[in-house]
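First comes the structure, then the notes that go with it.
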Amino acid sequence: MIPVGVTAIPTQGAELATRVAASLREALDLREEHVRVEAGISAPEQVDHVRIDLTHAVVDRHHLAVRPWRPPAPRGGVAATVTSLAVTGAPVVLFGASVAADLEAGNVPARWVHDAQSRLWLVFTEETSPAGPARGRLAVTGDVAAMTAAVEQVAGELARSKGLTLRELSVVPRTVGPDRWQVEVRATVTKGFVSSRVSADAQVHLDPALVLHVEQVDVRAGGMLGRIAEGLAEGYLRRVRGRRIPLGARPVAGARLTSLDVDLGGRFHLAATLG
């Protein structure tokens, strides 16, 4: 979903690019030099290209308090096709972790829709474009240690907003077999004068049909606070354990996932194709 500012559908590529850049800076609270946009448009129904470059953009702890804009439902408005869409961050910095991301997509079905604040959005839909089937490619890479440190920082901030303190927090993701991954979480949770040691483990497996199997999800905690948290979590965990999630079943912006490769070695690498 791409915010396009307030007023009517733009008629020129330069206007579209300027409005998208300004809206992204405002919506994501980014610096002007970190949002670069190029665009071309032939008609409201035909957006030739949109290229968004967020290289060196920084997202840090203050962004947790930023309220993101909510795009409207993709109903009504004017149907359009985005012939070429590209979003690049080479890199972006997420809570101290340098992450390189690259998304390319074509024949993306969309609609021009206004939200309740009269802001115009180019909202992606699941419709089939008259230009042909949608397609896409996504690649994300980064250092695993830096990314887990970023996750730990975010978790600590979110816990603090709930009146909890996380100490000795450790998040360790790893590849444990072909298309099989595991995450271990360890922490001491404190509220007032009460503390508890908490550990959580999850393991998932992706089969050749792109069905994600949740093989293990367990939470263990000690102390009074831990027993309360463990009891509250168990009802949810029972629903998750053994779950099968068909990742390729639901289209995303008119395209379905056709391949997924994830590696959690020293470098995190995710590559996905849609078509």
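The values are calculated or read from the model by the stated rules, or taken from the named source; none is laboratory data. Source: prediction; values computed, not measured. As a convention, Cβ positions derive from the backbone with ideal geometry for all residues, glycine included, and neighbour counts pool all protein chains shown. Just so you know, the surface numbers come from the protein's heavy atoms only, side chains and all, with ligands and any DNA or RNA stripped out. Shrake-Rupley method; radii C 1.70, N 1.55, O 1.52, S 1.80 Å.
Quick look at the values:
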{"quantity": "Unmet criterion (only one of (1) open to solvent by 60 Å² or more (accessible area, probe 1.4 Å); (2) small (Gly, Ala, Ser); (3) part of a strand (DSSP E or B)) for Ala145", "calculated": "(3)"}
{"quantity": "Contacts under 8 angstrom Cβ, first residue in segment 244-269 being on the phi > 0 side of the Ramachandran plot, partner outside any strand (DSSP E or B) and open to solvent by less than 40 Å² (accessible area, probe 1.4 Å), 6 or more apart", "calculated": "Ala253/Thr125; Ala253/Ala134; Gly254/Thr125; Gly254/Ser129; Gly254/Ala134"}
{"quantity": "Selection status of Ile52, of a type in the set (Val, Ile, Thr), surrounded by 17 or more Cβ atoms within 10 Å (Cβ to Cβ) and in contact (Cβ under 8 Å) with a residue 60 or more places away in the chain", "calculated": "no"}
{"quantity": "Qualifying residues in segment 205-224 (those that are within 26 Å of Arg256 (Cα to Cα) and assigned to a loop (DSSP other than H, G, I, E, B)) - the one nearest to the chain's Cα centre (by Cα)", "calculated": "Leu210"}
{"quantity": "Residue among Val35, Val20, Val78 that alone is more than 21 Å from Ala116 (Cα to Cα) and open to solvent by less than 60 Å² (accessible area, probe 1.4 Å)", "calculated": "Val35"}
{"quantity": "Criterion (touching a residue at least 60 places away in the same chain (Cβ under 8 Å) and farther than 21 Å from Ser23 by Cα) met by exactly one of Ala139, Ala155", "calculated": "Ala139"}
{"quantity": "Residues of segment 58-74 satisfying the condition of being small (Gly, Ala, Ser) and open to solvent by 50 Å² or more (accessible area, probe 1.4 Å)", "calculated": "Ala65"}
{"quantity": "Segment 35-76, subset aliphatic (A, V, I, L, M) and assigned to a helix (DSSP H, G or I), residue farthest from Gln153 (Cα to Cα)", "calculated": "Ala65"}
{"quantity": "Residue selected from segment 218-229 under the condition touching a strand residue (DSSP E or B) at 6+ places or on another chain (Cβ under 8 Å) and open to solvent by 60 Å² or more (accessible area, probe 1.4 Å), by the criterion modelled with the highest pLDDT", "calculated": "Arg220"}
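Let's see how each residue does on (1) in contact with a Pro (Cβ under 9 Å, 6 or more places away or on another chain); (2) surrounded by fewer than 17 Cβ atoms within 10 Å (Cβ to Cβ); (3) not hydroxyl-bearing (Ser, Thr, Tyr):
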{"residue": "Lys162", "(1), (2), (3)": "no, yes, yes"}
{"residue": "Glu168", "(1), (2), (3)": "no, yes, yes"}
{"residue": "Pro173", "(1), (2), (3)": "no, no, yes"}
{"residue": "Gly177", "(1), (2), (3)": "no, yes, yes"}
{"residue": "Arg180", "(1), (2), (3)": "no, yes, yes"}
{"residue": "Glu184", "(1), (2), (3)": "yes, yes, yes"}
